[in-house]
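A short worksheet on the structure shown next.
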Amino acid sequence: MQDKPLTGKNIAIMVANGFDEVEFVEPQKQLLAAGATVKAVSRATGLVNGWYDGSWGHFFPVDADLADTLAVDYAGLVIPGGVRGVEKLAEDPHAQRVLKAFMRAGMPVALIGDATSLMVTIEDAKGRTVTSSADTREALEAAGASWEEVASVTEGNLVTASGVDGIAELIQSFTALVNAFESDVTEAA
C-alpha cells in the first residue's frame, strides 16, 4: 500500500477550457501512479480543451459537471494553471463554491501556477504564504498574501506550485495532506 498511498481516494482536478495541459497531465499521471481515482470536473460538456505550447492542445474527457460537484465526494482538489482556464474558473460561481468548500473544510487543495490567483477570487489570500506563476504575484500580494519565489509552498491544507517545476514536490506534499486529512476524519468519527 505504501507504493500506492492514494488507493481508494477520489481526487478532483477542476478545469475549464484553456487550462495548461502540462499542469493537468503531470499531476494526473502522478496521482494515478499513487493509486488515486482522478476525476476531471468542469462546466465543459463531454470534453474540455487544454492549452499547449502557445495554442489549443488536446481534448480530455470530463468526468463530472462542476455544477454537481461537492467537496464531500472527494479527498482533495487540484487546479492546474493556464490563464484562459483560470479566468473562466474565476468567473464561474460553481468553481468558486467548490474551492471555498474545500478550503472551509480544511481539505487538501493544490493550486498550480496561475490557479493560485483563485485564492484572490474567493477572498482567501490574505495572510497566506503561497507561490504561483510570476504573472499572478502582484494580485496575490495586493490581496494580502505573502508570495515566495520557490517551486512549491505548503501551508496548512493548501499546496501551491509556481508551475511545472514544482509539480513533483506539490503532489508529494498533497499526497501527505490527503492521507493526514483522511486519518483525522477517521479518528474523529
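The figures follow:
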| quantity | calculated |
| --- | --- |
| Count - residues of the stretch 104-124 that are buried (at least 20 other Cβ atoms within 10 Å of the Cβ), aliphatic (A, V, I, L, M) and more than 20 Å from G166 (Cβ to Cβ) | 1 |
| Residues of the stretch 20-33 classified as buried (at least 21 other Cβ atoms within 10 Å of the Cβ) and out of contact with any Gly (no Cβ under 7 Å at 6 or more places or on another chain), total | 3 |
| Entirely in the stretch 73-186, the helices (runs of 4 or more DSSP H) that have 2 or more residues that are more than 23 Å from F60 (Cβ to Cβ) | 93-104, 118-121, 137-142 |
| Filter pass, N17 being more than 26 Å from M103 (Cβ to Cβ), touching a strand residue (DSSP E or B) at 6+ places or on another chain (Cβ under 9 Å) and surrounded by 15 or more Cβ atoms within 10 Å (Cβ to Cβ) | no |
| Condition check for H94: surrounded by 15 or more Cβ atoms within 10 Å (Cβ to Cβ) and at pLDDT 95 or above | yes |
| Top-ranked residue of the stretch 73-96 - restricted to ones that are free of Cβ contacts under 8 Å to residues at least 40 places away in the same chain and under 14 Å from the mean Cα position of the chain (by Cα), ranked as nearest to G163 (Cα to Cα) | A90 |
| Test for G163: is it touching a residue at least 24 places away in the same chain (Cβ under 8 Å) and either of a type in the set (D, E, K, R) or buried (at least 24 other Cβ atoms within 10 Å of the Cβ) (or both) | no |
| Verdict on G57 being in contact with a strand residue (DSSP E or B) (Cβ under 6 Å, 6 or more places away or on another chain) and at pLDDT 95 or above | yes |
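Residue-by-condition table, conditions (1) part of a strand (DSSP E or B); (2) in contact (Cβ under 8 Å) with a residue 60 or more places away in the chain; (3) in contact with a Ser or Thr (Cβ under 9 Å, 6 or more places away or on another chain); (4) of a type in the set (G, A, S):
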{"position": "N17", "(1), (2), (3), (4)": "no, yes, yes, no"}
{"position": "V41", "(1), (2), (3), (4)": "yes, no, yes, no"}
{"position": "T45", "(1), (2), (3), (4)": "no, no, no, no"}
{"position": "W51", "(1), (2), (3), (4)": "yes, no, no, no"}
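Residue-by-condition table, conditions (1) small (G, A, S); (2) under 19 Å from G106 (Cα atoms); (3) surrounded by 14 or more Cβ atoms within 10 Å (Cβ to Cβ); (4) touching a helix residue (DSSP H, G or I) at 6+ places or on another chain (Cβ under 7 Å):
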site: S132; (1), (2), (3), (4): yes, no, yes, yes
site: R137; (1), (2), (3), (4): no, no, yes, no
site: A142; (1), (2), (3), (4): yes, no, no, no
site: E148; (1), (2), (3), (4): no, no, yes, no
site: V153; (1), (2), (3), (4): no, yes, yes, no
site: G156; (1), (2), (3), (4): yes, yes, no, no
site: E169; (1), (2), (3), (4): no, no, yes, no
site: T175; (1), (2), (3), (4): no, yes, yes, no
site: N179; (1), (2), (3), (4): no, yes, yes, no
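The values are calculated or read from the model by the stated rules, or taken from the named source; none is laboratory data. None of the values given here were measured: they were computed from a predicted structure. Positions of Cβ are backbone-derived with ideal geometry, glycine not excepted, and every protein chain shown enters the neighbour counts.
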